[in-house]
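Asks: First the structure, then my questions, so here it is.
The values are calculated or read from the model by the stated rules, or taken from the named source; none is laboratory data. These numbers come from a predicted model, not from an experiment. Note that we place each Cβ from the backbone using ideal geometry, even for glycine, and neighbour counts take in every protein chain shown. SASA here: full protein model, heavy atoms, side chains in, ligands and nucleic acids out. Shrake-Rupley method; radii C 1.70, N 1.55, O 1.52, S 1.80 Å.
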There are 2 protein chains.
Amino acid sequence: MSNKIKLGVVGYGNLGQGAVKAIKATDDLELVAVFTRRDPETLGIDEPGVQAVHIDEASDYQKAIDVMLLCGGSATDLPEQTPHFASMFNTVDSYDTHAKIPEFYQSVNEVAANHHTTAIISVGWDPGLFSINRVMADAILSNGENYSFWGKGLSQGHSDAVRRVNGVKNGVQYTIPSEEAIEQVRSGVNPELSTSEKHRRVCYIVPQEDADKSAIEHEIKTMPNYFADYDTEVNFISEEELERDHAKAPHGGFVIRSGKTGKDNNQLYEFSLTLDSNPEFTSSVLVAYARAAHRMSQEKQFGAKTVYDVAPGYISPRSAEELRKDYL
Amino acid sequence: MSNKIKLGVVGYGNLGQGAVKAIKATDDLELVAVFTRRDPETLGIDEPGVQAVHIDEASDYQKAIDVMLLCGGSATDLPEQTPHFASMFNTVDSYDTHAKIPEFYQSVNEVAANHHTTAIISVGWDPGLFSINRVMADAILSNGENYSFWGKGLSQGHSDAVRRVNGVKNGVQYTIPSEEAIEQVRSGVNPELSTSEKHRRVCYIVPQEDADKSAIEHEIKTMPNYFADYDTEVNFISEEELERDHAKAPHGGFVIRSGKTGKDNNQLYEFSLTLDSNPEFTSSVLVAYARAAHRMSQEKQFGAKTVYDVAPGYISPRSAEELRKDYL
Ligand SMILES: NC(=O)c1ccc[n+]([C@@H]2O[C@H](COP(=O)([O-])OP(=O)(O)OC[C@H]3O[C@@H](n4cnc5c(N)ncnc54)[C@H](OP(=O)(O)O)[C@@H]3O)[C@@H](O)[C@H]2O)c1
Ligand SMILES: NC(=O)c1ccc[n+]([C@@H]2O[C@H](COP(=O)([O-])OP(=O)(O)OC[C@H]3O[C@@H](n4cnc5c(N)ncnc54)[C@H](OP(=O)(O)O)[C@@H]3O)[C@@H](O)[C@H]2O)c1
């Protein structure tokens, strides 16, 4: 028997696939099985030794699994799956519907507290690492302002929107932080900036044959909510270029706090991520927090937790001694 | 009686002065007194309502103070002061002699565990925030490499060294991260870089009248350990320029981890600080961690702790509910 922490993965979408790879990259974690609502045979998992199991059989694995990584979608899967699994397992999920987090927390906390499990919710980069930095920067620089910028990132919702435009065959949309806005923030003037002032939108469109490109461009740029308020750029490319240059799911962004201390000293705090693959990074964060869920559960810290409740050392594979000696 | 957390400051150097200002900038913390080894009358504290007290009287304040911020120097003050004060108070210090941290931890832990106090050691930005980011990035991106860059920053040791050079009347030295090295790291190639390859050194020298400038420049650039291995730049300026442009103590730097996930996706994690005042920022971090020392002590988490043991929510003035609702 190994000393490794034993993990299960629930849901085999982008995050689930990323989690399987992220677990493989560690020495202290072990994947027991992937659970899915689909016919397990159809997942086509091409990782040696990784077992696919129907989600209904998960309850048989309570002894075999220390922590379940819940990789379902935030819209409908997690509000149901997290409370369900938290009644049987320690869990980590990436619930990211910011407005509904308090409600989600309540429902998970009730189950986890009752069943003596540790359920870390809303883990990833935003919510997740960005949230940590917003809070730490705010705690340290009382007199200042937080700014979150997203991108350069492929936005699923906006890509869907441009693909619905008349004459568009295919396309993608990137959200890009405005360099000008970032420079303003870095200068320490603490500007008031709306989301549309902080970001630009750039589209790469494959037009249908004989489509009216200027009509497409006009329809995109004037689309309410999605594009009208933004500085929007529309580029036309071929299907081959789309496949070659736009197949990944990059994302990232910045959390910046600019604050003042003493008489008039500017202090700039910045955290940023530049990700080739949003889901692979997000699931790598989930995997690291599995260590925390396991340790906190062993210490009987039960109930729903967020990244704010997790000491940084808990997510590391290294011992407290090693961290003090080599990383402090 | 207010509900504020009551703090004391030990040592009124750069950090001690910064701590007094940082406490003033908060709504939830209150300064009870500044303790000094000098005649308290001579400190000339110009903050209304701030009391200076001789350090020998600190033991009378055990009931009145929740957490002592230890702002002494790392070389000789803290190895003596932290164990001494941890026998009576919860403490936060900024001990930064990286190589001796394990030993320092042991000596503080023994006292704090015995006396049921919480002593958070080595708080600040490096060690401190940089340490947290080195560990979190390493935990998340198993397959990658950490890089710490320091600067642009005024280096006390190197400034002292140039001031000892023949013909130098006054001068300062800045450590500056090499843009080229940062770009290499950001590109994802994970280069091997020595400290001298990661940094440049820039000196601003006020020469004595009739001094041989080229001899000064040569002596600085060939100085072993300090400059010989570095790309070093020497500028000559007037005493007025030195006073006008080089009176602050700026510092900062970057922690960058570049890692790979999945097949070949680059993921870049960056944390950076750009500080007009190193001591004011460092003491602002100490002040925020005082909240954690107080809370952890109330939860009977006694003994020596590091930033790795402190959950981010503990340093915030805001409630867990507010953090989940507005910051997650
Ligand atoms: N916190 C953060 O920073 C962060 C970042 C990124 C994403 N997220 C969150 O993570 C959630 C999951 O993202 P995701 O990209 O992994 O979503 P996804 O690919 O759509 O997967 C969601 C679920 O859909 C099912 N599914 C996936 N592919 C399917 C297919 N071909 N046919 C039928 N069902 C399929 C899977 O469940 P079964 O295997 O059970 O069918 C899977 O668990 C998102 O909703 C988002 O809220 C958070
Ligand atoms: N972790 C980090 O990121 C970080 C960053 C910056 C600094 N630090 C650490 O913080 C430590 C303190 O830095 P600092 O800049 O505050 O040092 P400092 O100004 O030299 O003060 C150290 C002590 O010297 C005494 N002192 C100060 N001014 C004096 C004066 N004019 N005459 C006589 N005594 C005086 C004070 O004690 P009394 O009042 O008792 O005399 C004070 O506590 C450094 O040693 C460094 O290790 C850590």
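Asks: Based on the Kirkwood radius over alpha-carbon pairs, what value in µm²/s does the Stokes-Einstein equation return for the translational diffusion coefficient of the stretch B:175-219 at 4 °C and 1.567 mPa s?
Replies: My calculation gives 100 µm²/s for D.
Asks: For B:313-321, what's the mean count of beta carbons from other chains sitting within 10 Å of each residue's beta carbon?
Replies: Going residue by residue through B:313-321 and averaging, the value is 5.
Asks: Another question, then. Please give, to one decimal in nm, the separation of the simple spin-label points placed at A:ARG163 and B:LYS100, each 7 Å out from Cα toward the Cβ.
Replies: Here the answer is 6.2 nm between the modelled labels.
Asks: Could you work out, residue by residue across A:20-28, how many beta carbons of other chains sit within 10 Å of that residue's beta carbon, and then give the average as an integer?
Replies: If you average over the peptide's residues, the count of other-chain Cβ atoms is 3.
Asks: How large is Rg/Rh for the stretch A:72-138, to two decimals, with Cα atoms and a Kirkwood Rh?
Replies: 0.99
Asks: For the pair B:ASP56/A:ALA113, report the inter-label distance in nm, with labels modelled 7 Å from Cα in the Cβ direction.
Replies: Spacing of the two 7 Å Cα→Cβ label points: 5.2 nm.
Asks: For the stretch A:1-133, what D do you get in µm² per second when you plug the Kirkwood radius from alpha-carbon pairs into Stokes-Einstein at 20 °C and 1.002 mPa s?
Replies: Translational D for this selection: 142 µm²/s.
Asks: Moving to a separate point now. Excluding residues on the same chain fewer than 8 positions from B:LYS198, give the lysines whose Cα lies under 28 Å from its Cα.
Replies: The qualifying lysines are A:LYS152, A:LYS325, B:LYS100, B:LYS152, B:LYS213, B:LYS221, B:LYS248, B:LYS260.
Asks: Using only Cα atoms, find the angle between the long axis of helix A:129-140 and the longest principal axis of chain A, and express it within 0 to 90 degrees, rounded to the nearest 10.
Replies: Orientation of helix A:129-140: about 90 degrees from the principal axis.
Asks: How are the Cα pair distances of the stretch B:133-277 distributed, in percent, across 10 Å bins from 0?
Replies: 11, 35, 27, 16, 8, 2, 0
Asks: A further question follows. Of the residues B:LEU78, B:LEU141, B:LEU154, which exhibits the maximal mean-square fluctuation in a Gaussian network model of chain B defined by a 10 Å Cα contact cut-off?
Replies: Sorting by GNM fluctuation, first place goes to B:LEU141.
Asks: Let me ask another. May I ask you to derive the FRET efficiency for A:THR76 and A:GLN301 from their Cβ-Cβ distance with R0 = 30 Å, giving the value to the nearest 0.05?
Replies: 0.55
Asks: Using the heavy atoms of the protein chains alone and a 1.4 angstrom probe, what is the accessible area of the stretch A:261-328 per residue in square angstrom?
Replies: Here the residues of the stretch A:261-328 average 33 Å² of exposed surface.
Asks: While we're looking at this one, here's another question. Identify which of B:SER284, B:SER297, B:SER187 has the largest mean-square fluctuation in a Gaussian network model of chain B, with springs joining Cα atoms closer than 10 Å.
Replies: B:SER187
Asks: Also, quick follow-up: Please check which bits of the stretch B:160-179 a label hung off B:ALA228 would reach, taking the label as a point 7 Å along Cα-to-C-beta and the cut-off as backbone N under 18 Å.
Replies: B:161-162, B:164-166
Asks: Let me ask you something else. Can you list the residues, at least 5 places off or on another chain, whose amide H is less than 5 Å from the amide H of A:LYS169, using H built in the peptide plane?
Replies: When sequence neighbours closer than 5 places are left aside, the close amide H contacts are A:VAL206, A:GLN208.
Asks: What's the carbon and sulfur percent of the protein assembly as shown's accessible surface, probe 1.4 angstrom, rounded to a whole number?
Replies: Taking all protein chains in place, the protein assembly as shown shows 43 percent carbon and sulfur surface.
Asks: Shifting gears a bit: Provide the three semi-axes, in whole Å and in decreasing order, of the ellipsoid equivalent to the protein assembly as shown as defined by the square roots of 5 times the Cα gyration tensor eigenvalues.
Replies: After scaling each eigenvalue by five and taking roots: 44, 33, 23 Å.
Asks: Could you go through the stretch B:204-217 in sequence order and give the Karplus-derived ³J(HN,Hα) for each residue, using 6.51 cos²θ - 1.76 cosθ + 1.60 with θ = phi - 60°, rounded to whole Hz, and x for Gly and Pro?
Replies: 10, 10, 9, x, 5, 4, 6, 6, 8, 4, 6, 5, 4, 4
Asks: Got the relative contact order for chain A handy, in percent, Cα pairs under 8 Å and 6 or more residues apart?
Replies: 21
Asks: Just need log10 I(q)/I(0) for the stretch A:38-105 at q = 0.17 Å⁻¹, Debye formula, equal scatterers on the alpha-carbon atoms, no solvent, rounded to two decimals.
Replies: -0.71
Asks: Sticking with this structure for a sec: Remind me, what semi-axes does the stretch B:231-328 give for its equivalent ellipsoid, largest first in whole Å, using sqrt of 5 times each Cα gyration tensor eigenvalue?
Replies: With the √(5λ) rule applied to the stretch B:231-328, the semi-axes are 35, 25, 14 Å.
Asks: Related question: At a probe of 1.4 Å, how much accessible area disappears from chains B and A on forming the pair, both sides counted, to the nearest 100 Å²?
Replies: What B and A bury together is about 5400 Å².
Asks: Normalise the Debye intensity by I(0) for the stretch A:69-205, one equal point scatterer per Cα, no solvent, then take log10 at q = 0.09 Å⁻¹ and round to two decimals.
Replies: -0.41
Asks: What's the whole-number percent of alpha carbon pairs in the stretch B:1-40 lying beyond 17 angstrom?
Replies: Result for the distance tail: 29 percent.
Asks: I would also like to ask the following. Principal axis lengths of the stretch B:150-233 from Cα atoms, whole Å, largest first?
Replies: In descending order, the Cα extents are 49, 20, 17 Å.
Asks: Under the Karplus relation 6.51 cos²θ - 1.76 cosθ + 1.60, θ = phi - 60°, what is the ordered set of whole-Hz ³J(HN,Hα) values for the stretch B:88-104, x standing for Gly and Pro?
Replies: Once θ is set to phi - 60°, the couplings for the stretch B:88-104 become 10, 9, 5, 9, 9, 9, 10, 3, 10, 7, 3, 5, 9, 4, x, 5, 4 Hz.
Asks: Taking 37 °C and 0.692 mPa s as the conditions, I'd like the Stokes-Einstein D for chain A in µm²/s, using the Kirkwood hydrodynamic radius from alpha carbon pairs.
Replies: 151
Asks: Could you work out, residue by residue across B:247-255, how many beta carbons of other chains sit within 10 Å of that residue's beta carbon, and then give the average as an integer?
Replies: Taking all residues of B:247-255 together, the mean is 1.
Asks: Please give the calculated 222 nm ellipticity per residue for chain B, where each DSSP H segment of at least 4 residues contributes -39500 (n - 2.57) and the sum is spread over every residue; nearest 500 deg cm²/dmol?
Replies: After summing the helix terms and dividing by residue count, I get -9500 deg cm²/dmol.
Asks: When the Cα centres of the stretch B:82-158 and the stretch B:59-78 are compared, how far apart do they sit, in Å?
Replies: 16
Asks: What list of ³J(HN,Hα) couplings, whole Hz, do you get for the stretch B:259-270 from phi and the Karplus terms 6.51, -1.76, 1.60, once you set θ to phi - 60° and write x for glycine and proline?
Replies: x, 10, 10, x, 5, 7, 8, 7, 10, 10, 10, 9
Asks: For the stretch A:167-240, calculate the relative contact order in percent as a whole number, restricting contacts to Cα pairs under 8 Å that are 6 or more residues apart.
Replies: Relative contact order of the stretch A:167-240: 39 percent.
Asks: While we're here: Can you tell me the length gained on complete extension of the stretch B:GLU47 to B:ARG244, counting 0.36 nm per residue apart and subtracting the Cα distance?
Replies: 68.4 nm
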